[in-house]
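The values are calculated or read from the model by the stated rules, or taken from the named source; none is laboratory data. Because the structure is predicted, anything quoted here is derived from the model rather than measured. Heads up, the Cβs are rebuilt from the backbone with ideal geometry, glycines too, and the neighbour counts pull from every protein chain shown. These accessible areas exclude ligands, DNA and RNA; they are computed on the full protein's heavy atoms, side chains included. Shrake-Rupley method; radii C 1.70, N 1.55, O 1.52, S 1.80 Å.
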Amino acid sequence: MSLFDTRTLSRGLAKIFANPQLWLTVFVAVAIFVSFIYIANRFSTIAQDAQDRLVNVRVGSLQDAFAPLSALYIRDPEKLSLYMRDMADRNPTIVEFLAVEKIGDAWIITSALNEAQRGTNLVGYDFVLSLAVAEPEQSFTVEEVLGGKRFFRTARAILSEDKQTLGVLLTRQSLSEADRQIAGNIQTSFFILFGILLLLLFLFFHHARIIDYTELYRRLKEVDQLKDDFVGMVSHELRSPLTIIRGYVAELKEKGVHAENAPELLKRIDDAAQAQNMLIADILDVARIEQGRLEYAIKDFDPASVIQSVAEGLTPAASAKGLAVAVQVPSGVLITADEGRLRQVVTNFVSNAVKYSDKGEITISGKSDGKNFVLRVSDTGIGMSAEDVKKLFGKFYRVPGDRVRKEVGTGLGLWITKQIVEAMKGTVSVESIQGVGSHFIVTLPLAK
Ligand code: ADP
């Protein structure tokens, strides 16, 4: 996988948006990069200007110095050509060095570096030549590009002592060497820029990793806190049924197994042991859900019989408290879910309804809404406040107060239920009024 494929890029962008601390790094990186390009560009332009000006000044002063000599030797082209050769040897950028005189209407080359040019008509210098003739006291330069290479053409009038124009001195200089140096500098600055880019990328990834570690540390702390809460709660909850059991066992030991209330004491011991068993099952479920190890056997089935059997199983406990249980679930509707897990979910809602109601009726109703099977477990129990409803599906949450504490419970049941229902692509919600009752509503997808 390449470093910059689209998935990596979009993940990188998502990470930047999720971590505002990274924005600053990105901003600084981009700012440094852009400033460097700007400065490098400015610098090379300035350097080229300076080089050009230097060459220009040099050729100007060369011609200023050479012009009086040319005036002396203009009638001795052999000698003047020799001086030109000498000058060109010392200035390798000079590729053409000429002296011209006006004969009739034409400008004829009289002295030149290149022997072959002598006696021929001048070509290629029209513009500088006209400037030099018009202003004989100074030299003029124009730039030209030939075959991708830059040249300067310079002209200066050759004046006699009484300021008569005897001819014109012309040079063509190559700027290739200067341009090569500038190009070399630009190349070096691009290497440096590349180095800076690598450094910035390194800094960026380093920063991103530190943010990762910070996030990991935060999550670890959270998990650690959760673990502490969990261990605290579990040891407390595991101890309370044991304390109860030991209390009854002590009483039994004292009164003997044939005491009148022995069956009652044994029942209480059994209840406490069952509560302990339930708690351990809940804890194991939480661990399995958190580790993603809870398995679901999903299939299409009619939930009516499961619901009916849960209701029947809990009716004795409800009747013992004087609560009626009514089931209104039509058969023949198929849902896609895990049957065993649905039993666990319904059991939790109905047993909660029994635990947290002291009078009235528990109604279990089910119907299809065309897309989902909607199951409603309603009671006329203690209900709860809107504040409690908000926290109800949190792990370990139990509504504060003596009435709830009186019942054996872990505060894990509803959390487990919600996880299971959501894993089966369903939803859980609750409507409740304190002192009036609660409705727990579960939806599960109908079979296709
Ligand atoms: P618990 O083991 O305590 O019953 P649950 O997770 O099943 O744990 O429920 C969490 C809390 O929600 C309970 O402690 C209770 O305060 C409240 N609760 C649950 N069901 C009902 C209900 N039907 N009526 C009133 N309160 C309820």
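In this structure, Asp358 does satisfy being open to solvent by 30 Å² or more (accessible area, probe 1.4 Å), at pLDDT 95 or above and either under 47 Å from the mean Cα position of the chain (by Cα) or more than 7 Å from the ligand (Cβ to nearest atom) (or both). Scanning the range 148-168 for residues that are surrounded by fewer than 16 Cβ atoms within 10 Å (Cβ to Cβ) and touching a Ser or Thr at 6+ places or on another chain (Cβ under 9 Å) yields one hit, Lys149. Pairs are defined by a Cβ separation below 6 Å, a sequence spacing of at least 6 or placement on different chains, a first member in the range 342-362 that is closer than 25 Å to Pro445 by Cβ and in the same structural domain as Leu323 (by TED's automatic domain parsing), and a second member that is among the acidic types (Asp, Glu) and within 8 Å of the ligand (Cβ to nearest atom); the pairs so defined are Ala353/Asp379. Residues being over 22 Å from Ala47 (Cα atoms) and in contact with a helix residue (DSSP H, G or I) (Cβ under 6 Å, 6 or more places away or on another chain) are entirely absent from the range 182-195.
With open to solvent by less than 40 Å² (accessible area, probe 1.4 Å) and not in a loop (DSSP other than H, G, I, E, B) as the only criterion, which of Ala281, Ala318 stands out?
None of the others qualify; the one that does is Ala318.
Yes/no matrix, rows are residues, columns are (1) modelled with pLDDT of 90 or more; (2) out of contact with any Cys (no Cβ under 6 Å at 6 or more places or on another chain); (3) under 21 Å from Leu159 (Cα atoms):
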position: Ile94; (1), (2), (3): yes, yes, no
position: Ala116; (1), (2), (3): yes, yes, no
position: Thr120; (1), (2), (3): yes, yes, no
position: Phe127; (1), (2), (3): yes, yes, yes
position: Val133; (1), (2), (3): yes, yes, yes
position: Leu146; (1), (2), (3): no, yes, no
position: Lys149; (1), (2), (3): yes, yes, no
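Would you say Ile210 is open to solvent by less than 90 Å² (accessible area, probe 1.4 Å), of a type in the set (A, V, I, L, M) and closer than 30 Å to Leu24 by Cα? Here the answer is yes, as Ile210 does meet what is asked. Kindly check whether there is at least one residue in the range 365-376 that is open to solvent by 40 Å² or more (accessible area, probe 1.4 Å), near the ligand (Cβ under 10 Å from one of its atoms) and modelled with pLDDT under 95. Taking every residue of the range 365-376 in turn, none turns out to be open to solvent by 40 Å² or more (accessible area, probe 1.4 Å), near the ligand (Cβ under 10 Å from one of its atoms) and modelled with pLDDT under 95.
Residues of the range 14-30 being surrounded by 11 or more Cβ atoms within 10 Å (Cβ to Cβ) and in a helix (DSSP H, G or I), which ones?
The answer is Lys15, Ile16, Gln21, Leu22, Trp23, Thr25, Val26, Val28, Ala29, Val30.
The numbered conditions (1) exposed (fewer than 13 other Cβ atoms within 10 Å of the Cβ); (2) assigned to a loop (DSSP other than H, G, I, E, B) are all true for Ala116 except (2). Can you confirm whether Ile289 is modelled with pLDDT of 90 or more and under 23 Å from Arg341 (Cβ atoms)? In short, yes. Listed conditions (1) open to solvent by 40 Å² or more (accessible area, probe 1.4 Å); (2) without any contact (Cβ under 8 Å) to a residue 40 or more places away in the chain; (3) part of a helix (DSSP H, G or I) are all met by Leu238, apart from (2).
Does the range 385-392 include one or more residues that are within 10 Å of the ligand (Cβ to nearest atom) and closer than 21 Å to Glu295 by Cβ? No, that holds for no residue. Taken over the range 322-336, residues that are in contact with a Pro (Cβ under 6 Å, 6 or more places away or on another chain) and among the hydrophobic types (A, V, I, L, M, F, W, C) amount to 1.
Candidates in the range 321-337 are the residues that are crowded, with 20+ Cβ neighbours inside 10 Å and not β-branched (Val, Ile, Thr); of these, the one that is farthest from the chain's Cα centre (by Cα) is Leu323.
For first residues located in the range 291-318 and under 16 Å from Thr443 (Cα atoms), partners that are open to solvent by 90 Å² or more (accessible area, probe 1.4 Å) and of a type in the set (Lys, Arg) and lie 6+ apart or on another chain with Cβ distances below 8 Å form the pairs Val306/Arg343.
Total residues in the range 394-448 satisfying the condition of being in contact with a Ser or Thr (Cβ under 9 Å, 6 or more places away or on another chain), near the ligand (Cβ under 8 Å from one of its atoms) and without any contact (Cβ under 8 Å) to a residue 40 or more places away in the chain: the figure is 2.
Residues checked against (1) surrounded by 14 or more Cβ atoms within 10 Å (Cβ to Cβ); (2) on the phi > 0 side of the Ramachandran plot; (3) assigned to a helix (DSSP H, G or I):
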{"site": "Pro92", "(1), (2), (3)": "no, no, no"}
{"site": "Phe97", "(1), (2), (3)": "yes, no, no"}
{"site": "Lys102", "(1), (2), (3)": "yes, no, no"}
{"site": "Val123", "(1), (2), (3)": "no, no, no"}
{"site": "Ala132", "(1), (2), (3)": "yes, no, yes"}
{"site": "Glu137", "(1), (2), (3)": "no, no, no"}
